[in-house]
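Structure, as structure tokens:
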Amino acid sequence: MKKIAYFDACVETPEEIILAADMLPIRLFGDPEIGIDKANEHVPPTHCVWARNILEQAINGLDDNIKGVITTHGCDCTNREFDIWLECVNLEFLFFLNAPLKRNETALNFFMNDIKELISQLEEKFNVNITSEKINEAIKKMNKIRKLLREISSFRVDMKLKGSEFHALVKKVQQSDKSKMIEILELKLAEIKERKPFPNANLKKVLLTGSVIDDTEFIKFLEEVGFQIVIDDLCIGTKYFWNSVDEDGDPIKGLAEFHLSKPIYSTKFPSYERFRVLKNLAEKYKVDGVINIAQKFCEPVLYDHPYFNKKFKELEIPYLFVEMEYNRESYKQLTTRFEAFREII
Ligand code: SF4
């Protein structure tokens, strides 16, 4: 089956459009175990390490079944990197989807028009017919996945599901056949319901936020230190299934509204709106603390940090900010900081 990959810092790519084109949407993730020599020839040393890692993979050549890549407006880094992809990545289809920052009527119309442009370019390039019926069918499939993930996610609070297991599951959904994933998620949900809570008396309940965190090994590392992620504000997490797409109206409008109605993500401004989202989550889930992770040179997350630091202090909610390299060796070097945070909360 042909695949269309998406390079997206905040999961605003409408996968339904790719499914309606009878192709498989695949989210691109970094690989913390590779070097990034080739990408370094194209970007300055202060370019985000995660985006740079994906550029390296693309220059080296993606899976042969990936016939194109959609880059969706996330942060300045991904936006500008798209221009580099145009120059040095060998793919027959590259499309920049301009997901707007604003959340008003003009932004909605703008986004709808860009989705329509994506449809027409996919139809022309791959000789397919993306009908409203097919989009509606895909919306129903994806809504089913979102509903299942919301339900499964809640078992993190009940201490029946480790944050790392959930993270790996959401990653798998973003890279696999969606019909198969519905079956897998249904089985997983039934199995989790039968579980007893794991020992948790010494675990600290945290809210995890920040940049794209796509290495499940990092989540396992946090668990080894003594944290359980009961809730997150991540694109491999709640931002993927926060709400559902309207199944009754114009499907393109429904998709645009769905993405623009999600709570603001870390790649977007302003900081006070981001803070409001995090504060509500921290209070609702009664977390012991908030961990904010920035991939090295992730400007949007670095920008938010001083404001968050001040506001969480005012609320007396323990808050830890860590900027890290995109490689597994760096996790070990951070152990002391995480252990110290665990001690104080
Ligand atoms: S980690 Fe930060 S800078 Fe890098 S792509 Fe994501 S939002 Fe952009």
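Need one number: nm distance between label points at Glu247 and Thr131, each 7 Å from Cα along Cα→Cβ, rounded to one decimal.
Label at Glu247, label at Thr131, 1.9 nm between them.
Angle check, please: helix 216-225 long axis (alpha carbons) against the longest principal axis of the chain (alpha carbons), in degrees 0 to 90, nearest 10.
10
Multiply the residue gap between Lys196 and Arg80 by 0.36 nm, knock off their C-alpha separation, and tell me the result in nm, one decimal place.
37.0 nm
Compute the long axis of helix 251-261 from its Cα atoms, compare it with the longest principal axis of the Cα atoms of the chain, and write down the angle in degrees, 0 to 90, nearest 10.
It is inclined by approximately 30 degrees.
Dipole of the chain, Cα-centred, from +1 at each Lys and Arg C-beta and -1 at each Asp and Glu C-beta, to the nearest 20 debye?
It comes to approximately 1260 debye.
Specify, per residue and in Å³, the volume enclosed by the convex hull of the alpha carbon atoms belonging to segment 1-154.
143
Less than 15 Å from a label point 7 Å out along the Cα-to-Cβ axis of Asn60: which backbone N atoms in segment 11-38 qualify, by residue?
Residues passing the 15 Å test: 29-38.
Sort all Cα-Cα distances of segment 201-287 into consecutive 10 angstrom bins from zero, then give the percent of pairs in each bin up to the one containing the longest distance.
With 10 Å bins starting at 0, P(r) equals 15, 41, 30, 11, 3.
Largest first and to the nearest Å, give the Cα extent of the chain along each principal axis.
On the principal axes, the chain reaches 59, 48, 38 Å in Cα extent.
Where does helix 49-60 land angle-wise versus the long Cα axis of the chain, in degrees 0 to 90, nearest 10?
Tilt of helix 49-60: around 40 degrees.
When we measure straight from the Cα of Lys171, which lysines land under 18 angstrom away, once same-chain ones fewer than 8 places off are left out?
Lys3, Lys141, Lys144, Lys147, Lys162, Lys180, Lys188, Lys220, Lys239
Each reported figure results from applying straightforward, stated rules to the coordinates on display, with no laboratory input. None of the values given here were measured: they were computed from a predicted structure. Note that each Cβ is placed from the backbone with ideal geometry, even for glycine, and that neighbours are counted across all protein chains shown.
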